[in-house]
Amino acid sequence: MLNQAVPITSVKGAIQRMRPEKVIGLREKDFTGTLEGVAKIGFKEVEFAGYFNQTPEQVRALLDRLGLRAPSSHITLADITKDLPGQVKAAKTIGLEYITVPALFQPLMGKVTPDFWPKTAAEFNRVGKELKAEGIGFAYHNHSFEFEDHDGTAIWETLLAELRPEVEIELDVLWASVGGRDPVTEILVTGDRVRLLHLKDRAAGAEVRDAPPGHGTLEMQEIDPVLTLKKNNLHEYVKRRTAGQK
């Protein structure tokens with residue numbers, strides 16, 4: 001469903017101190033069993049990254065049975081542009097508030113042309129406008145490459161300047177820190193544009209690995225008061241990630 005094959009029991013210990021309205025991210029082969037376990041723990045929301053051969057109608061029926069809701073789903077930009085009407089229909093069936101682009105694969109693979117970012121911003125703006133007309137939000141999930149310098153300015157600032165208000169942000173605090181940014185500062189300076197948040201602490205050591213929130217090197221206790229100020233318009237996602245996953 002989301003980002004790690006980890007038993008429900010081990011997740012429970014990692015998140016027992018966290019508020020139950022936060023959203024948890026997992027990847028399990030047992031789609032139904034995972035959702036049942038998440039609901040049993042006390043979570044109210046989930047974020048999807050694929051539906052594991054379930055139809056939107058089946059997903060919605062399962063969410064309704066378990067008393068869960070899905071504010072967002074990760075869908076690649078290629079899949080969105082290939083069939084926007086189909087994605088809109090699925091989103092409305094499931095009850096999504098946001099369709100979120102999880103990554104841009106060209107930068108991840110180091111294959112960025114000079115016109116990549118302007119073209120990407122323009123495409124984001126187009127999709128965001130069309131989704132807004134359908135009553136659905138559009139968001140982008142960052143990694144660390146957005147904070148790299150590009151012609152004297154960080155790509156992040158350039159991207160935010162070119163994106164219309166319809167394009168909102170799902171800030172990943174782990175990857176922001178890898179990019180040399182302070183997550184609290186980024187949450188504050190981007191204002192209401194950050195509407196979704198991935199809470200992944202950073203494990204000690206040179207290798208980029210996540211840790212349960214509060215058990216790594218990030219100042220998670222400084223992030224929490226900021227979230228309280230924004231709680232009326234922010235979905236928080238507790239994520240676990242295995243090596244090699246994003």
Of the residues in the range 109-157, how many are touching a helix residue (DSSP H, G or I) at 6+ places or on another chain (Cβ under 7 Å) and under 25 Å from Asp210 (Cβ atoms)? 11
Of the residues in the range 173-197, those that are in contact with a His (Cβ under 8 Å, 6 or more places away or on another chain), assigned to a strand (DSSP E or B) and without any contact (Cβ under 8 Å) to a residue 60 or more places away in the chain number 1
Which ones in the range 12-40 are part of a helix (DSSP H, G or I), at pLDDT below 85 and over 18 Å from the mean Cα position of the chain (by Cα)? Lys12, Gly13, Ala14
Just to verify a result, which residue in the range 90-128, among those that are among the acidic types (Asp, Glu) and under 14 Å from Val167 (Cα atoms), is surrounded by the fewest Cβ atoms within 10 Å (Cβ to Cβ)? Glu123
Among the residues of the range 180-196, write down those that are surrounded by 19 or more Cβ atoms within 10 Å (Cβ to Cβ) and closer than 18 Å to Leu163 by Cβ. Arg181, Glu186, Ile187, Val194, Arg195, Leu196
For the range 129-165, how many residues are part of a strand (DSSP E or B) and either surrounded by 13 or more Cβ atoms within 10 Å (Cβ to Cβ) or touching a Lys or Arg at 6+ places or on another chain (Cβ under 7 Å) (or both)? 7
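The values are calculated or read from the model by the stated rules, or taken from the named source; none is laboratory data. Please read these numbers as outputs of a predicted model, since none were measured by experiment. All Cβ positions, glycine included, derive from the backbone under ideal geometry; neighbour counts span all protein chains shown.
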